[in-house]
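Notes follow once the structure below has been shown.
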Protein chains: 4
Amino acid sequence: MNLLNFDQNKKLDFIGVGRLCVDLNANEIHRPMEETMTFTKYVGGSPANITIGLSRLNMKSGFIGRIADDQMGRFIKQYLNNNNIDTSNVITDKSGSVTGLAFTEIKSPTDCSILMYRDNVADLKLEPNDVSEEYIKQSKAILISGTALAKSPSREAVFLALQYARKHGVMVFFDVDYRPYTWESEQETAIFYNLAAEKCDVIIGTREEFDMMEKMENYEKSDDWVTAKKWFDFNAKMVVIKHGADGSIAYAKDGKSYTGSVFPAKIVKTFGAGDSYAAGFIYGLMNGWQVNKAMEFGSAAASIVISSHSCSDAMPTYEQISSVIDNHNK
Amino acid sequence: MNLLNFDQNKKLDFIGVGRLCVDLNANEIHRPMEETMTFTKYVGGSPANITIGLSRLNMKSGFIGRIADDQMGRFIKQYLNNNNIDTSNVITDKSGSVTGLAFTEIKSPTDCSILMYRDNVADLKLEPNDVSEEYIKQSKAILISGTALAKSPSREAVFLALQYARKHGVMVFFDVDYRPYTWESEQETAIFYNLAAEKCDVIIGTREEFDMMEKMENYEKSDDWVTAKKWFDFNAKMVVIKHGADGSIAYAKDGKSYTGSVFPAKIVKTFGAGDSYAAGFIYGLMNGWQVNKAMEFGSAAASIVISSHSCSDAMPTYEQISSVIDNHNK
Amino acid sequence: MNLLNFDQNKKLDFIGVGRLCVDLNANEIHRPMEETMTFTKYVGGSPANITIGLSRLNMKSGFIGRIADDQMGRFIKQYLNNNNIDTSNVITDKSGSVTGLAFTEIKSPTDCSILMYRDNVADLKLEPNDVSEEYIKQSKAILISGTALAKSPSREAVFLALQYARKHGVMVFFDVDYRPYTWESEQETAIFYNLAAEKCDVIIGTREEFDMMEKMENYEKSDDWVTAKKWFDFNAKMVVIKHGADGSIAYAKDGKSYTGSVFPAKIVKTFGAGDSYAAGFIYGLMNGWQVNKAMEFGSAAASIVISSHSCSDAMPTYEQISSVIDNHNK
Amino acid sequence: MNLLNFDQNKKLDFIGVGRLCVDLNANEIHRPMEETMTFTKYVGGSPANITIGLSRLNMKSGFIGRIADDQMGRFIKQYLNNNNIDTSNVITDKSGSVTGLAFTEIKSPTDCSILMYRDNVADLKLEPNDVSEEYIKQSKAILISGTALAKSPSREAVFLALQYARKHGVMVFFDVDYRPYTWESEQETAIFYNLAAEKCDVIIGTREEFDMMEKMENYEKSDDWVTAKKWFDFNAKMVVIKHGADGSIAYAKDGKSYTGSVFPAKIVKTFGAGDSYAAGFIYGLMNGWQVNKAMEFGSAAASIVISSHSCSDAMPTYEQISSVIDNHNK
């Protein structure tokens, strides 16, 4: 796969940008949250999870984000440090913000929902001034998550990170990660998602997320190749479109496409499937693997996380993922 | 005690007004919250706790408040219903608000703190339209809590409740319950606390809270009788001033004062002491007890709650409180 | 008239509190504003106009308010100074606020309307800290205007001014001056108007304004005596209710009432009628005149202002008003 | 000049996008505004002025913008209609917004300043939904103004207009028009200005405005060619940089540059110089003139407007501009 060139002279492999949150996962599951009495605390947030996943895979990782000046914020920073993630660019917000929360409700393995606390959250207070050109320049790749585009000043901080990444040949992964809350309208979302996607090298999202980004195009029906080609005209080399149970397809700028498979799992909950997939897949791409092999690695990683209680804390090692693949291929 | 006359023809004994929240109490205690991994969920909020306390004591109770349209809000309503509290005036807010949260941190029995989530909370969305003159008219007493004055439209709703209560001879308890967050300044707080206190029959607060209310008086030093007399010139018949470890003093309009005692307890945490005291004390006053006896009943109730993990769920019955008093007096 | 006792030992006669604005009055009149090409600038705002009116009548006057840090703000301060109004308590707001504007449209002498600019205005930035107890204490009377209650922190500043006035025996005139913009709802207005009116000595408003204040009383129909008596139970000694073309009636605490008359005038516009009436009427009351005579003086003042192009700048002197009365009584 | 190709099959020549305001120009000039007593009303706002200028030059023009639902808004619409500008896409905002105001202060011909009213203004309420793909598609060119990027939802509406323009081969003029108010920070401004400039064909601004856009580049000193080339890598064909008294330079993608001259004028005020220059210059470019000739036409237009009392109303006709040029070249 020579579409993506990672500059091997960089000090860091990967920097996550954006959301650092706390998940509060129901301990008594298979019931509505009203009847759940206790919750377990984990670090959460899509870019946090992916970065933790890559660090577990021994990628030299860092993070650019803001945390609240409270116990939850300090917990997040400690957890990142304990997971060998560089937190020199994780800034403590002093404005009185809080840590974003996600209470998970697991009614059944397939009926899961989240109750979010997203008012006045620290992660959306990330400012352009927080984004260091020097820091980004040192990394092979960064990952931005769509949620960080939802509000100013975090939105501007992300656009600045994109500008620095392009300027210094840092590869950009864009995890679309669309969540309706905090956005004012679908149009606002589509407009800023498009402006960001123009500057990214690999774009990963569900078919529904790409449909949302194409809202203003007025297409009669969605078409994966049309979607992918739009971004190839800008900077993208690969566009990964997830079709739910039908699996993912990676479209490459050279005209090839690759279909991913799903690993069987004893599902506890569906949360974290996308983040663990992304971590495994990005690991593969960054190591120069064939796209097929990277997708398989991501799927195996996902099968492990959805069988566990948490997202972040369950991120698997290389050995764990390999073992799942080996067992499956026997 | 004939300073306070409760109209015995009313259908309800007591209505709490204001804050309905969720407490998330640390399970692994005696450590900073960063190291607490699981939390247990309880109904919380000062007026909620007091109302639950009075309902446990078999007072016919109701509540006027707003809850979020989510799992936390539904949990609160169910809990109130299960505790025989009338929720016909508990309104589900549809504006996208969330349930206020209080994560408790118990580093030691005496070093406790709270991490609050108070942005965009349902309880402060209470509107004047939510306050039914008919409903208030039916009750012997209502209790308002200072927190509900912190923001519009809840602030206006409380002033309307006060107006209806005065119009219909409903006794008003005012739990000062000052918490700096959500207020813009101490002056704003003092001004609205004073406007509310003018219309109340029994005012309960700490010495520090009354000092804050007297901020604009520029007294050289605080004096309990000066404090109490100011309110007797309006509608108050009793002013209870809490002096921390030195105990509480109840000042009555007839010039008498009563000093409360503290019951020994094996303290788990200090949270809930004030709310359980208020519940027991109000119970005594509403049953025509001597002030001394009512204060003793409140103190005994408090000794039970501070020995327990929760505030609301630990609210004791008449038998439990009596048993503590009997044991102590042996 | 011994219902109102003004302390003759005070240094100042009168302090206006609240709104200082700029009127931009159409020069080409008797047409819609779309066709007006030039506007003339005057100081405006109800309490400003009344204070200017009283100063023209040689009452020692001052003002408590905030002005914008711009050319319009400086113009206002200069104009007040030029009119012998003490501006030591007129504070320049540094928050980036603007001066409230009122563009007047005069389609015909009786079809007048106003286009208001009330976003981010300096007058509503008045803070409790701006209100000096020492300053209020020195005055025989203050006037508050309902508009200043419309938003925090001006609202709190007014309640503090009321508290100081009551504490020091300063008479309080309340010009209801209800203007729907800037208020969130009629209920919010009614609640704060009631809280303020409880602390005032003379309340002046239209029948419609009093109806709005009684919104939560659910009266079947409005009754002037019911309205007036409600306030006599608090601190009011006089309640003036304006019935439009039917004239005003002043209700006194001693059970008497006085009906005002209207002076004939060649009307240019109706703006300023109420403010000039108030200035003349208050002047009479403060000089110990019979209520009837004070009302006549107010009406004569109004007849002068509505015949002129401006409100503030047209405020008449004692001689001008007397001359109108003399001519009329010939 | 074949760098810019205007599609001659389009129905409209030109569409202005964004700000529609009212200027209130001091009538008594050469003094501080405090001493100005009357103001004359004109339509204002940079894109409005330029569009009026082009319409005076007989270009078929239209406008996309929002106006307040009041007398000022209706005045603007009537004025545009009277100037043969299509207002089918000028939308009346119903949210309670006001018309932006600019009071001009002319202390001397060279010491001019503006007092702006920009809170809650109708023009910044422009929404993506207001932007019609069909309408933009019909025009040879659109002009966007930087001010419209200052706030959501106007910001998103502009990005959508840019997307439609690029999609349909409509040439885009970008008038940088930086005004610090309404922006949160210089960084916010720089980030969104850059995102917009990437999509424009002709960018016109002062050297200071381009410096602000390069704030995050950390150049040691500014260099016109570096500035211009950056945009040629995106979509720009021409970058016009104004150096104040030193005149303007137009940099073209083909490597050529053109220096403009300044016409002598009896200056009343400096306002409107840039807008009238832009109108004349764009007129020239759209008619396929040599860049030099277009610049001369712009300068001559500017010399007329700065000799007049207004900006919009003084926009000259072809004959007036030609006459100035002829007189000058005699």
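The values are calculated or read from the model by the stated rules, or taken from the named source; none is laboratory data. Not measured: the values here are computed from a predicted model. Virtual Cβ from ideal backbone geometry, glycine too; neighbours counted across all protein chains shown.
Some values worked out for this structure:
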item: Residue check, A:GLY169 at pLDDT 95 or above, on the phi > 0 side of the Ramachandran plot and of a type outside the set (D, E, K, R); result: yes
item: Odd one out for B:SER222, checked against (1) touching a His at 6+ places or on another chain (Cβ under 6 Å); (2) exposed (fewer than 15 other Cβ atoms within 10 Å of the Cβ); result: (1)
item: Leading residue by the ranking (nearest to the chain's Cα centre (by Cα)) among those in region D:102-112 that are in contact (Cβ under 8 Å) with a residue 12 or more places away in the chain and closer than 26 Å to D:TRP183 by Cα; result: D:ALA102
item: Filter result (over 16 Å from B:GLY65 (Cβ atoms) and among the basic types (Lys, Arg)) within region B:147-188; result: B:ARG166, B:LYS167, B:ARG179
item: Qualifying residue in region B:102-116 (condition: buried (at least 23 other Cβ atoms within 10 Å of the Cβ), within 9 Å of chain A (Cβ to nearest Cβ), at pLDDT 95 or above and in contact with a strand residue (DSSP E or B) (Cβ under 7 Å, 6 or more places away or on another chain)); result: yes
item: Single condition B:ILE204 does not satisfy, out of (1) crowded, with 24+ Cβ neighbours inside 10 Å; (2) modelled with pLDDT under 95; (3) not aromatic (Phe, Trp, Tyr); result: (2)
item: B:VAL324 vs. criteria touching a residue at least 60 places away in the same chain (Cβ under 8 Å), within 20 Å of B:ASP175 (Cβ to Cβ) and crowded, with 20+ Cβ neighbours inside 10 Å; result: no
item: Qualifying residue in region C:39-51 (condition: aromatic (Phe, Trp, Tyr), in contact (Cβ under 8 Å) with a residue 60 or more places away in the chain and in contact with an Asp or Glu (Cβ under 6 Å, 6 or more places away or on another chain)); result: yes
item: Lone qualifier among D:SER222, D:SER185 - being at pLDDT below 95 and away from every other protein chain (no Cβ under 14 Å); result: D:SER222
item: Matching entry among C:ASP224, C:ASP175 (being within 22 Å of C:ASP13 (Cβ to Cβ) and in contact with a strand residue (DSSP E or B) (Cβ under 8 Å, 6 or more places away or on another chain)); result: C:ASP175
item: Failed item in (1) in contact with a strand residue (DSSP E or B) (Cβ under 8 Å, 6 or more places away or on another chain); (2) within 13 Å of D:ILE204 (Cβ to Cβ), with D:ALA273 passing the rest; result: (1)
item: All positions within region B:158-177 that are closer than 17 Å to B:ILE191 by Cα and more than 9 Å from chain C (Cβ to nearest Cβ); result: B:VAL158, B:LEU162, B:PHE174, B:ASP175, B:VAL176, B:ASP177
item: Number of the condition not met by C:MET216 [criteria: (1) within 14 Å of chain D (Cβ to nearest Cβ); (2) assigned to a helix (DSSP H, G or I); (3) of a type in the set (A, V, I, L, M, F, W, C)]; result: (1)
item: Pairs, first without any contact (Cβ under 8 Å) to a residue 12 or more places away in the chain in region B:187-199, second assigned to a helix (DSSP H, G or I), C-beta under 6 Å, six or more apart; result: B:GLU188/C:GLU156
item: From the options C:THR99, C:THR92, residue that is within 21 Å of the chain's Cα centre (by Cα) and closer than 30 Å to D:THR99 by Cβ; result: C:THR99
item: Condition met for A:TYR135 (within 24 Å of D:LEU162 (Cα to Cα) and either more than 16 Å from the chain's Cα centre (by Cα) or within 14 Å of chain B (Cβ to nearest Cβ) (or both)); result: no
item: Region D:117-129, residues that are crowded, with 21+ Cβ neighbours inside 10 Å, touching a strand residue (DSSP E or B) at 6+ places or on another chain (Cβ under 8 Å) and either farther than 24 Å from D:GLY205 by Cβ or facing another protein chain (nearest Cβ under 8 Å) (or both); result: D:TYR117, D:ALA122, D:LYS125
item: First in region D:139-156 and away from chain A (no Cβ under 14 Å), second anywhere and among the aromatic types (Phe, Trp, Tyr) and part of a helix (DSSP H, G or I), Cβ under 7 Å, 6 or more apart; result: D:GLY146/D:TYR193
item: Among (1) within 21 Å of B:THR104 (Cα to Cα); (2) modelled with pLDDT of 95 or more, the one test that A:GLY53 misses; result: (1)
item: Any chance B:ILE191 is more than 22 Å from B:LYS140 (Cα to Cα), among the hydrophobic types (A, V, I, L, M, F, W, C), crowded, with 18+ Cβ neighbours inside 10 Å and in contact with a Ser or Thr (Cβ under 6 Å, 6 or more places away or on another chain); result: no
item: Given (1) more than 30 Å from B:ASN9 (Cα to Cα); (2) within 11 Å of chain A (Cβ to nearest Cβ); (3) surrounded by fewer than 21 Cβ atoms within 10 Å (Cβ to Cβ), number of the condition B:SER95 does not satisfy; result: (2)
item: Qualifying residue in region A:59-81 (condition: part of a loop (DSSP other than H, G, I, E, B), within 14 Å of chain B (Cβ to nearest Cβ) and either aliphatic (A, V, I, L, M) or over 21 Å from the mean Cα position of the chain (by Cα) (or both)); result: yes
